[in-house]
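The values are calculated or read from the model by the stated rules, or taken from the named source; none is laboratory data. Remember, predicted model here, so these are calculated numbers, not experimental data. Because the Cβ atoms are built from the backbone with ideal geometry, glycine has one as well, and the counts that use them run over all protein chains shown.
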Amino acid sequence: MAFSTISFLFAFLPAALILYRIVPERARAVILILISLVFYAWGDVRHLPVLLFSMVFNYVAGLELGLLKQKGAKRRAKYAMMLAVAVNLFLLGYYKYTGFFAGSLARMFGRAPSSSVMPLPIGISFFTFSAISYILDIYLERARYSRDFVQVAAYICMFPKLISGPIVQYKDMKGRFTAPKMTMSNFLAGTQKFVVGLFKKVLLADALGAAFAGISALDGMAAATAWLGMIFYSLQLFFDFAGYSDMAIGLAQILGFPIDKNFDYPYISDGIADFWRRWHISLGRWFRDYVYIPLGGNRCSTGRQILNLLVVWLLTGLWHGAAWTFVFWGIWHGGLLILERFALKNLRELIPKAVRIAVTVLLVFIGWVFFFSPSMGSALLWIRQMFGGAGLGIWNGATGYFLRTNLITLIAAVICCGPNLGRTVTNLSYQKGRFGVIISVAVYIVLFLCCISYIVGSSYNSFLYFQF
Amino acid sequence: MAYSFTEKKRPSARLMQHRITAICAAVIAGTIAVGSLVLPDRAFSDEENRTLAQAPKLSSASLQSGTFFSDLSSYLQDQIMGRDIWMRLKVAETQMAGMHESGDVYLGKNGYLLEKPAIPDQKKIDRSIEQIRAFKEQYPDLNMVMTLVPCAAAVFPELLPDGAPVHDQLTDIGYVRNKLVDLIPFIEMQTAFRNDSMNQIYYRTDHHWTSRGALDAFQAIRWELGIDTAEYFVPMTVSADFEGTLASRSGCHNQKDTVEVYRPENENYQYYTYYPDSQERIPSIFVTEKLEEKDKYQVFFGGNHPVLTVRTTLDNGKSLLIFKDSYANSFVQFLLPYYERIVLVDPRYYYEDIKTLITSEAITDVLFLYSMNTFAADGSLADVLSQATAETEEASMAAAETEDSSADPAETASSSAAETGAETSSVSEAGTGAETSSASPAENGTDSADAESGAAEESADQQEVSAEEAG
C-alpha cells in the first residue's frame, strides 16, 4: 500500500498510530510488527509468507552466526554467513532475476524467451537488503546478534521503510525497538517531513509523470520534446523517490525512530561521486559498507579499485531492475565515476562549479534515459530523437503544448531541486516572528489540502456504462 | 541580554510552527477519517455516473486472495468524505496550474471537452474489414453503405488546446475507406461537419454527436441509401442541462449541453419500437424518462440494446439493418420516414444469428454506422459477421435437421415468445412475399423456426448446441 493513498492516509495510518500510542512502550515493537504485517498484506497478501520467511530465517541465521562468533569458530561462522546471505540473495534472485537470466539464456541459444512474468513481492529488494545488513553486521562485528525475535523482526518489517526504503542498516537500529518512545517533538517534526514528502510525491512527481507519459505516447518527438521528456522523467523520478523517502523518514520519526536523510539535493551535485553522496544515500552506503569495503575499498591497487567499482556498479544497476538497460545504466555511472576519479582528477579543479554541476546533471539525466526505456533499442532511439532523429525539427506544436501546460509544475520542481526554498521557509518560521510562522503554516496546510484533492481526484473515474 | 533573548526565542518560534502545522494536518486527516466513517455510504455517484463501492465482506477466501484488501481500498476511496468537492478542487487546481487535461480528457476551447482519439488496434480493424467484405460478397444483392464517425478532436482540431497532440483519426478512417470502397460505398463525414460548423456538431460535455451532427451525416449519406426526397426535419429542445460522459470523466462541471430531437414536418406515418429484451412495443423512439436521469443521451431508445426493431406503417418494401454503436441511436430519427422496418443490431451485445434476422426481417439495405473510437477497439462486429458468413450451407442444413429436436423447447417457451414468432413470420409473409419466394422451402422452414427461437433465448441456445452436435 502506497503512502499517498486514501486507504493509508485516512484509515491505516490513524488507526495504526492510535494503537501504537496507547500500548505500553515495551509492547510497541510487537504492535509495530503486527501493523507492519497488515500494511504488507494490504498491498500484497499473497507474498506475506515471503516476508515472514525472511523474518524468521534471518533471526535463526543471526542466532547461529552470533553463537559461532562467540565461540570463535571463524571458519564455521564464515560458512554460516555465506549460507545466510546466499539464501537471502536466492530469494531476491528467484523472484526478481529468474525471468531476466532465463530470457537472456534463451536468446543466447536463439530461442524466444518465455513471456510469463513472475509477480514480484512488494519491497523484496528493500527488505532483503535490510536482512542481509543484519547478517553482515553480525559477521563484520559491527553489531551483536539479538536473542529477541521481536527486535530482528521489527527491524526487517517496520512499515515506514518496508516497501521503498530507506535501506536502514541494523547497526544503526539495534536496541531501538525495546521501548520506542513517541515524543511530541518527533511527532511534530515527523509530520512536517511527511507532508513535505507527500507534496513532492503527489503534486510534483505525479504531475511530471503524467507529462512524461504524454510525451512517451507520441508517435515521434521533435528534438526539444525529447529533451523535455528526459527532464520530466528525471525530475519525476527524483521527487517520487525523495518524496517517498521523506514520508518514510517522517513516519519512522513519528514512531520514535529517527532515520538519516536519503536524498540531499542530488541535482546540484558537481560530480558523479558527489551525486552518489546525495542520491539514494542509504543504497550507496549499503553497497559501500557491504560490497565495496569488504572487497578492499580504496586501500588497494588502482586496477583492483577499478574492478571493485565496476562490480559495485554492475550490482547497483541490477538491483534497480532485471534488464540490460539497468545493467548499462549501472556501468554508465560506474564508468563515469572511474573516469572522474582516476583520469579527470586534476581537470575537475579547473572547471567552474556551475559548469561542473551542469555537466553532471546532463550525464545523470542521459543515464535516466536508459533507466526508463524498456529496451536498449528504445533508449538509443530516444537519444537519437533528442538530436532530431524523428525528422520533426527542433520544436513543434507538441513541444509548446507540453512546455506550456507544465510550465508551473516545471518551475516549481526546478526550484525544489535546490535548498533555497526550504531555507526560505525555515527562515520564515525562525525569524519573522508570529507573522512568519503563520505564513509558513499556511503554506504547509494549503499544500496538504492540495495533496488530498489530488489523491482523491486521481481515484476519480467515471464508469462509462454503454460507453459508445 | 538581547542576544540571549533571540536565542531563546528562535527555537520556540520553530516549535510553534511545527506544532501548528502538525496539529492542523492531524485535525484535517482525523476529520476526514472520522467523517468518512460516520457519514452514511453513498450508493451512486451522479458526478461520476457509476455505482460506488460498498463495504467488502470479510471471508478467509477474500482475505487470502487479496481481493478483500483491494475491495477495501476501493470502498474507502469511493466513500471518502467530500469526494466530489475534492475532485472539483483538483480540477480547479489543474486549470490554475495551466494544464489542459483531466482524466485523459482535453479541456478544449469554447467550453468543449474532447476525448482523445483511440489508437486503433490494427488486427481488429483488419479483421473487421475482412469480415465486412466477406459479408458483402455473401449478400451481393443487399444495398450496403458504411460510415465511420470521427471524434470531435479529429474534425475540429482548433477546439483543442494549442498544440495538444492527438492521434490522426481521419487517416485511420481513410485507411478503412480505401480497403472497402471498391465494394461498399463509404461516406466520410468531416467535410459535411466542417461545412456546418456554425452549428454544434458534438456535445461539449459528452463524447457523442448532437442530433444536428447526425442530421448532417444523414444528409451526406442518404443518396447512397437511395433516399432522394428529403423531408424537412424540425428540431425540438428536450433538455438544456445535460452533463455527459466527458464531464464525468474529467470532473469538469462548468458547462451544460442542450439535447435536441428532430421530427419530420409531415409525419404521415405511424410507428412503434419493439424492445425484445423487455418485449415491449412503444410508439416512439424516444424514452423521455431518461431525460430525468444523468445520461440524457439515452433519450434515444433508452440506451443501447442488443437488437431493436422499428416498424412503420409505410409500405415500400424497404427494410434497413444497421450494425451500430450508440452513435446510431440519434441517427434513426431521420430514417423513420423512409423505411418499413429498421433493425438496429449492436454487435457488442448481440449473440443471435444474423442470417436468420436478414431473412426474417426481409432486409434490403444495410448500414454500418460506428464511431471510429468504437470501431478501432471493438472486435464484436467481426464476430457477428463471421457467424453469418461461415459455412452457410452446412449451418442451415444442420439447423434444418435439428428442427425437430428444437421444437420441444420452442413450444415450452413462454406464450408471448411464441406470439412474437408468429407475428414476425406473418409480417414477413405479407410484406415481402415476392422477396422470400426465391428461397428454397427448406430454408423457409428453418427461418420460421429460428424466428421463434430468436425470441426465446433458451431455445436458441439449445438449437445452437444441437446444431454443433450435428455438425
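Anything in the range A:197-227 that is surrounded by fewer than 23 Cβ atoms within 10 Å (Cβ to Cβ), facing another protein chain (nearest Cβ under 10 Å) and either over 27 Å from B:Ala164 (Cα atoms) or among the charged types (D, E, K, R) (or both)? List them, or say none.
The one that is surrounded by fewer than 23 Cβ atoms within 10 Å (Cβ to Cβ), facing another protein chain (nearest Cβ under 10 Å) and either over 27 Å from B:Ala164 (Cα atoms) or among the charged types (D, E, K, R) (or both): A:Asp219.
Return the residue satisfying two criteria in turn: it lies in the range B:57-87 and is more than 25 Å from B:Gly30 (Cα to Cα) and surrounded by 17 or more Cβ atoms within 10 Å (Cβ to Cβ), and of such residues it is farthest from the other protein chains (Cβ to nearest Cβ).
B:Ser62
Looking at (1) without any contact (Cβ under 8 Å) to a residue 40 or more places away in the chain; (2) more than 21 Å from B:Ser371 (Cα to Cα), find the lone condition where B:Gln219 falls short.
(2)
Determine whether A:Gly388 is at pLDDT below 95 and either within 14 Å of another protein chain (Cβ to nearest Cβ) or touching a strand residue (DSSP E or B) at 6+ places or on another chain (Cβ under 9 Å) (or both).
Considered against the rule, which asks whether it is at pLDDT below 95 and either within 14 Å of another protein chain (Cβ to nearest Cβ) or touching a strand residue (DSSP E or B) at 6+ places or on another chain (Cβ under 9 Å) (or both), A:Gly388 comes out as no.
Select, from B:Thr288, B:Thr313, B:Thr359, B:Thr364, the only residue that is more than 19 Å from the chain's Cα centre (by Cα) and more than 26 Å from B:Pro140 (Cα to Cα).
One residue alone meets the criteria, B:Thr313.
Considering only the range B:88-117, state which residues are among the aliphatic types (A, V, I, L, M) and in contact with a strand residue (DSSP E or B) (Cβ under 9 Å, 6 or more places away or on another chain).
Hits for the range B:88-117 are B:Val91, B:Met99, B:Val105, B:Leu107, B:Leu113, B:Leu114.
Pairs needed: first member in the range B:18-36, within 7 Å of another protein chain (Cβ to nearest Cβ); second member anywhere, surrounded by fewer than 19 Cβ atoms within 10 Å (Cβ to Cβ); C-beta distance under 6 Å; at least 6 residues apart or different chains.
Once the first residue is within 7 Å of another protein chain (Cβ to nearest Cβ) and sits in the range B:18-36, its partners that are surrounded by fewer than 19 Cβ atoms within 10 Å (Cβ to Cβ) give B:Cys24/A:Ile445; B:Ile32/B:Met81; B:Ala33/A:Pro14; B:Ser36/B:Met81.
Collect the residues in the range A:341-366 that are under 20 Å from A:Phe287 (Cα atoms) and either in contact with an Asp or Glu (Cβ under 8 Å, 6 or more places away or on another chain) or surrounded by fewer than 19 Cβ atoms within 10 Å (Cβ to Cβ) (or both), keeping them in residue-number order.
Once the filter is applied, which keeps residues that are under 20 Å from A:Phe287 (Cα atoms) and either in contact with an Asp or Glu (Cβ under 8 Å, 6 or more places away or on another chain) or surrounded by fewer than 19 Cβ atoms within 10 Å (Cβ to Cβ) (or both), the range A:341-366 yields only A:Arg341.
Keeping to the range B:164-194, report how many residues are over 15 Å from B:Pro150 (Cα atoms) and in a helix (DSSP H, G or I).
Summing the residues that are over 15 Å from B:Pro150 (Cα atoms) and in a helix (DSSP H, G or I) in the range B:164-194 gives 3.
Can you name every residue in the range B:359-380 that is under 17 Å from B:Gln131 (Cβ atoms) and among the charged types (D, E, K, R)?
Correct list: B:Asp378 only.
Just one of A:Asp206, A:Asp137, A:Asp172 is at pLDDT 90 or above, part of a helix (DSSP H, G or I), among the acidic types (Asp, Glu) and within 27 Å of A:Ala413 (Cβ to Cβ); which is it?
Of A:Asp206, A:Asp137, A:Asp172, the one residue that is at pLDDT 90 or above, part of a helix (DSSP H, G or I), among the acidic types (Asp, Glu) and within 27 Å of A:Ala413 (Cβ to Cβ) is A:Asp206.
Here's the yes/no breakdown for (1) surrounded by fewer than 19 Cβ atoms within 10 Å (Cβ to Cβ); (2) away from chain B (no Cβ under 14 Å); (3) touching a strand residue (DSSP E or B) at 6+ places or on another chain (Cβ under 8 Å):
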position: A:Tyr40; (1), (2), (3): no, no, no
position: A:Lys71; (1), (2), (3): yes, yes, no
position: A:Arg75; (1), (2), (3): yes, yes, no
position: A:Tyr79; (1), (2), (3): yes, yes, no
position: A:Phe90; (1), (2), (3): yes, yes, no
position: A:Tyr95; (1), (2), (3): no, yes, no
position: A:Arg111; (1), (2), (3): yes, yes, no
position: A:Ser125; (1), (2), (3): no, yes, no
position: A:Ile135; (1), (2), (3): no, yes, no
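So, B:Glu293, is that one of a type in the set (D, E, K, R), free of Cβ contacts under 8 Å to residues at least 40 places away in the same chain and within 14 Å of chain A (Cβ to nearest Cβ) or not?
yes
Which residues, taken from the range A:244-296, are within 30 Å of A:Pro24 (Cα to Cα), of a type in the set (Phe, Trp, Tyr) and not in a loop (DSSP other than H, G, I, E, B)?
A:Tyr244
Is it the case that some residue within the range B:177-188 is within 19 Å of B:Leu114 (Cβ to Cβ) and in the same structural domain as B:Pro140 (by TED's automatic domain parsing)?
no
Just to be sure before I move on: is A:Arg434 modelled with pLDDT under 75, surrounded by fewer than 13 Cβ atoms within 10 Å (Cβ to Cβ), farther than 30 Å from B:Leu52 by Cα and more than 7 Å from chain B (Cβ to nearest Cβ) in the structure I sent?
yes
Run B:Ala53 past the list (1) free of Cβ contacts under 8 Å to residues at least 24 places away in the same chain; (2) more than 8 Å from chain A (Cβ to nearest Cβ); (3) in contact with a Phe, Trp or Tyr (Cβ under 6 Å, 6 or more places away or on another chain) and report the number of the one that doesn't hold.
Result: B:Ala53 fails condition (1) only.
Can B:Ala154 be described as among the small types (Gly, Ala, Ser) and closer than 24 Å to B:Glu224 by Cβ?
Here the answer is yes, as B:Ala154 does meet what is asked.
Tally the residues that are under 16 Å from the mean Cα position of the chain (by Cα) and assigned to a helix (DSSP H, G or I), restricting the search to the range A:146-169.
Going through the range A:146-169 one residue at a time, the tally reaches 4.
Consider A:Ser245 against the criteria (1) surrounded by fewer than 24 Cβ atoms within 10 Å (Cβ to Cβ); (2) under 20 Å from the mean Cα position of the chain (by Cα); (3) among the polar types (S, T, N, Q): it satisfies all of them except one. Which criterion is unmet?
(1)
Name the residue, out of A:Gly99, A:Gly110, A:Gly103, that is in a loop (DSSP other than H, G, I, E, B), over 30 Å from A:Val30 (Cα atoms) and not charged (D, E, K, R).
Matching residue, one of A:Gly99, A:Gly110, A:Gly103: A:Gly110.
May I ask you to list the residues in the range B:120-139 that are in a loop (DSSP other than H, G, I, E, B) and either touching an Asp or Glu at 6+ places or on another chain (Cβ under 9 Å) or outside the structural domain of B:Arg177 (by TED's automatic domain parsing) (or both)?
B:Pro120, B:Asp121
If you go through the range B:354-384, how many residues are buried (at least 22 other Cβ atoms within 10 Å of the Cβ), in a loop (DSSP other than H, G, I, E, B) and not hydrophobic (A, V, I, L, M, F, W, C)?
Looking only at that region, the number is 1.
Answer yes if at least one residue in the range A:178-195 is outside any loop (DSSP other than H, G, I, E, B) and in contact with a Cys (Cβ under 9 Å, 6 or more places away or on another chain), and no otherwise.
yes
Does the range B:279-290 hold any residues that are away from chain A (no Cβ under 14 Å) and not aromatic (Phe, Trp, Tyr), and which are they?
Across the range B:279-290, the qualifying residues are B:Gln279, B:Glu280, B:Arg281, B:Ile282, B:Pro283, B:Ser284, B:Ile285, B:Thr288, B:Glu289.
Please identify the pairs in which a residue from the range B:161-179 that is within 14 Å of chain A (Cβ to nearest Cβ) has its Cβ atom under 6 Å from the Cβ atom of a residue that is assigned to a helix (DSSP H, G or I) and among the aromatic types (Phe, Trp, Tyr), counting only partners at least 6 apart or on another chain.
Short answer, once both residue conditions are applied: B:Gly163/A:Tyr401; B:Ala164/A:Tyr401.
Go through the residues of the range B:120-137 one by one and say whether even a single one is buried (at least 17 other Cβ atoms within 10 Å of the Cβ) and at the interface with chain A (Cβ under 8 Å from one of its Cβ atoms).
Looking through the range B:120-137, none of the residues is buried (at least 17 other Cβ atoms within 10 Å of the Cβ) and at the interface with chain A (Cβ under 8 Å from one of its Cβ atoms).
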